[in-house]
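Any read-out appearing in this document is the output of simple, stated calculations on the displayed coordinates, not a laboratory observation. If you're wondering where the values come from, they're calculated on a predicted model, not measured in any experiment. Note that each Cβ is placed from the backbone with ideal geometry, even for glycine, and that neighbours are counted across all protein chains shown.
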Amino acid sequence: MKDSFLINNSYGKSLYSKIKDLSIIDYHNHLSLEALKKNTAFTDIYDLWIAPDPYKHRAMRMCGVEEKYITGNADCRDKFLKWCETLPKLVGGPLYHWSRMEIEFLLGSEDFSWNDDDLYERLNTHLQKNNVTPRSLLNKFNVQFNCPCASLIDDISFCTENPSLAPSLRGDDIVCPSLDFINKLERITNIKISDLASFEKAVQARLNDFYKIGCRFTDHALDNGFTYFEDDGLNNTRFINLLSGKIIHNDMERLSSHILVKLAENYSRVGFVMQLHIGAQRATSTRLRDVAGKAGGYAAIGNSVDINSLTKFLDDVDLSYKLPKIVLFTLNPSDNAMISVLAGSYSQDGVKGLITQGPAWWWCDHKQGIENMLENWSSFGVFSNFIGMTTDSRSFLSFVRHDYFRRILCNWLGEKKEKGEIFENEKELYLIAEKICYINAKEI
C-alpha cells in the first residue's frame, strides 16, 4: 500500500515512515498451534486466506452467499471466487482494506484485481514457488514475538524450538473446568486432584511450566452477563460436587468466581499479564453454531458490563494479594469510558500501567473503532501507557492489521499536531508512537 494510505497530513506521513518497520509483538492471537508446529507450506490460497478467517465468513453470509461456499464442500477455487465477488460490496469496512493489504503483502505487488480470471492460479503458483509456510510469513512480517492462545492442557513443548514463540494462556477452561479437563490436568502434572486445594496445586504447577517456556500473557473471557460472586467459604464443597458430577449452574458460577480470583493472585506471583475480554454475546444462532463451530463468526456485542462485579473482582484480588497487570478489552463501545477510567482506580507503587485498556477489539477493530479508542484512552487514561495493537486473529496474513493500526495512529497524532493540540516535536512524537507500537509490549 502507498505510504499515504489512511494518512492525510504531513506530520502523520513523516511519523509513519519512521515506525512502519518496527518489529511486531503480537501478544494475543488464535493462530493454530498445530500449524505452527508442523510448519507445512501452503499450496492453496483458500487455505491460507479464507478458511481460517471468520470475519470473511460472516461478510459472505451477510451478502447472501450460500454456506457451501463458506464452510461447506464446494471446490476451493469456487469458494475463492465467491469471496472475490463479495469484496467490492464491502467498501468502507475493514475487510475491504485488510484483504487488499493481505494480498499486496503476499505478492509484493499492487498489480492485481479481484476480477482477474487467473488470480486464484496466480496466487497458488506464488505460494508453491516461494514455499510459503507459517514461519516464513511470520519472518516476512517481522514478528519478533508471537503469542497464540493455548489451553493449560495443550502440548506447548515445541515452543522451545523457537525463541520468538510463546503461548498466551487461554484460561477459560480453568475457571469453568470440565471433568475431562481435570482428568487431563491430573495426567500432565501427576497430581491427584481430589479437592479444590489439589486442583489449585496442579494449576500452579502448570502455570510454572508456561512461564518457563516464555508465556507472559493470559486471557479470560468475561462474556455478556458476567457476574462476580464473593467467596462464601463453600467453594471446596462445590468443587467436590463438580468431581462427582452433581454441581448445579448457580454453584458453578460461584466456584468460577473463586477460581478467577485465585488465578489472578497466581498470575501476579508468577509475573503474567491478565487480559480480560469483556462483553461478547456468543450464543446467537444455534444453526450457525452447528454448521460453523463455536468460532464461526456469528457472535454479537453484549450488554454493558456489570461494573460493580468487575470492580469487586479487582478489589478482592487487590486485597487478597496484589493485582497483576491487567489489560481490559471492551466489545461494547458504550463501556469505553467506564473501563478507561478504571486505569486510575487501582495502583501499585512504581508500577506504570497497572490497568490499561486494550486496543479496539473484534467488531470494533476498524478505522472508526481505533480512532474512537485513541480519543477515549487519551481522554481518560495515560496515552503513552497504551499497549498497542494485537491481531486476535486465526489468520497468518492478519499481521497486516499492525500496519493498519500504525497508519491510523500516525494520522491521528499528525492531525492533533497540525491542529496545535499536541506540543511535542516530531522526535518526541516518534518516541510516543514507538512506545505504543512496540516498546510497551516488549517491556512486558
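Residue exposure proxy: LYS419, LYS38, LYS435, LYS56, ordered by other Cβ atoms within 10 angstrom of their Cβ from fewest to most, comes out as LYS419, LYS38, LYS435, LYS56. Counting only DSSP beta bridges whose two residues both lie in segment 242-389, roughly 20 percent are antiparallel. Sorting VAL65, VAL91 by the number of Cβ atoms found within 10 Å of their own Cβ, with the fewest placed first, yields VAL91, VAL65.
With the cut-off at under 16 Å, measuring from each backbone N in segment 133-150 to a point 7 Å along the Cα-to-Cβ line of CYS76 picks out 133-134. Note on the chain: with a GNM built from Cα contacts shorter than 10 Å, the maximum mean-square fluctuation among SER345, SER151, SER109 falls on SER109.
Full extension of the segment from GLU253 to ILE188, taken as 0.36 nm per residue of separation minus the current Cα-Cα distance, would add 20.8 nm.
Exposure proxy ranking for ARG407, ARG58, based on other Cβ atoms within 10 angstrom of each Cβ and starting from the fewest, stands as ARG58, ARG407.
The Cα atoms of segment 255-361 give a gyration tensor whose axes a ≥ b ≥ c have a/c of 1.5 or more with a/b greater than b/c, which makes the shape prolate.
If you compute semi-axes √(5λ) of the Cα gyration tensor in Å for the structure shown, which of (i) 36, 28, 21; (ii) 37, 25, 20; (iii) 45, 33, 20 do you land on? Looking at semi-axes √(5λ) of the Cα gyration tensor in Å for this model, the match is (i). Rounded to the nearest 5, what is the percent of antiparallel bridges among the DSSP beta bridges in the chain? Given both bridge residues lie in the chain, the antiparallel proportion sits at roughly 10 percent.
Legend: calculated FRET efficiency, GLU418 to ASN139, from the Cβ-Cβ distance at R0 = 30 Å, rounded to 0.05, equals 0.25. According to the Kirkwood relation over distinct C-alpha pairs, the hydrodynamic radius of segment 41-132 is 13.4 Å. Straight-line cross-link reach from LYS442 at under 18 Å between alpha-carbon atoms covers these aspartates and glutamates, not counting any fewer than eight positions away in the same chain: ASP21, ASP26, ASP219, ASP392, ASP403, GLU434. Modelled spin-label separation between MET1 and SER109, with each label point placed 7 Å from Cα along the Cα-to-Cβ direction: 2.1 nm. With 20 Å as the limit on Cα-Cα distance, the pairs of LYS38/LYS68; LYS18/LYS140; LYS352/LYS427; LYS262/LYS435; LYS325/LYS367; LYS68/LYS294 that go past it are LYS38/LYS68; LYS352/LYS427; LYS262/LYS435; LYS325/LYS367.
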